[in-house]
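Just so it is clear, none of the values below were taken in a lab; they were calculated from the coordinates. Quick caveat, the model's predicted, so the values are computed rather than measured. Here the Cβ positions follow ideal geometry from the backbone for every residue, glycine too, while neighbour counts run over all protein chains shown.
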Amino acid sequence: MGVFYDMLQYPVMEKGKKIVIANWKMNPQTFSAAKRLFLGIKKKAVTLRNTDTVIAPPFVFLSSLSKLYSSRRMALSGQDVFWEKKGSFTGEVSTSQLKESGADYVIVGHSERRALGETNDMVHRKVKAVIKEGLTAIVCIGESEHDSHGAYLKFLREQLESALVKIKAGNLKNIIIAYEPLWAIGKTNDEAITPEKLHETILFIRRVLIEMYNKDIAFNTRIIYGGSVERGNAHALLIQGTAQGFLVGHASLDALEFGDILDIANQVIEH
Ligand code: PEP
């Protein structure tokens, strides 16, 4: 696609550490099942030098899971957060409460939250609050339709610009952009995005980051992919797709499948 040609001269960041994030969503149903899954993933995660593993369990399991590991190769994440520090906000959780529970990361703007009414402005407030607390925000953006006319690019640009408006360049090291096209979520690997489309879209996101910041920021900001990542497509999405890691939904609920994805991510650096 023509709009990307000017980007192709820039280096592709397939080298460097990968980050793979498990979004467990509202699973598993009991703490003992969560513990079993966590320990199964941990067995693999702590052996990997080139991949950081982040687990985003339901809030209620964070604190107990935080006591089950000490490796710097693993970390915990909240699946959402509220922007206020404290007060009368029934059902919400603050950044400091997440931190106190052991989270270093927070997923913000997941499409399942947006589907429940979260707006671009709310996402922006959450990003600001997460950064202020010294946590890392995993900012999700993604279109519902990947149309051939490129309207989805305008949509992605809007989501990205409104999430990052007035966020200073120095804070981008605490932000990971998770590109998660809605049409590719919750399917199987043969229905996920193609590596070529992913590469194009990542180039587009970097172009928007150049416009908002500069080349240095654009090529040092981590961009990961989410949407039906499984062991069967992980390698191509990292190599040809140029994702710097993944946000994994259903495949993160199976320690063996997720472990294989971690292994694949870990080996990519050898290329
Ligand atoms: C997600 O919802 O963040 C996700 C990537 O899910 P899945 O891997 O199941 O498509």
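Descending by average beta-carbon neighbour count within 10 Å, the peptides 173-185, 91-103 line up as 173-185, 91-103, the highest first. Compute the FRET efficiency between K86 and T47 as 1/(1 + (r/R0)^6), taking r as their Cβ-Cβ distance and R0 = 30 Å, and round to the nearest 0.05. The formula returns an efficiency of 0.15 here.
Taking amide hydrogens as placed 1.01 Å from N in the peptide plane, the amide H of I55 sits under 5 Å from those of A22, A75, L76, S77, each at least 5 positions away in sequence or on another chain. Taking each of K17/K128; K18/K128; K44/K99; K43/K197; K67/K215 in turn, the alpha-carbon distance tops 29 angstrom for K43/K197; K67/K215. Across segment 83-92, coupling constants 3J(HN,Hα) worked out from phi with the 6.51/-1.76/1.60 Karplus curve, θ = phi - 60°, read 8, 7, 6, 6, x, 8, 9, 3, x, 8 Hz, and Gly and Pro carry x. Seen through its C-alpha gyration tensor, with square-root eigenvalues sorted a ≥ b ≥ c, the chain comes out oblate because a/c lies at 1.5 or above while a/b is not bigger than b/c. Judged by the mean number of other Cβ atoms found within 10 Å, the most tightly packed of the peptides 105-114, 202-211 leads the ranking 105-114, 202-211.
Net charge of the neighbourhood of L182, taken over other residues with C-beta under 11 Å away and scored Lys/Arg +1, Asp/Glu -1, is -2.
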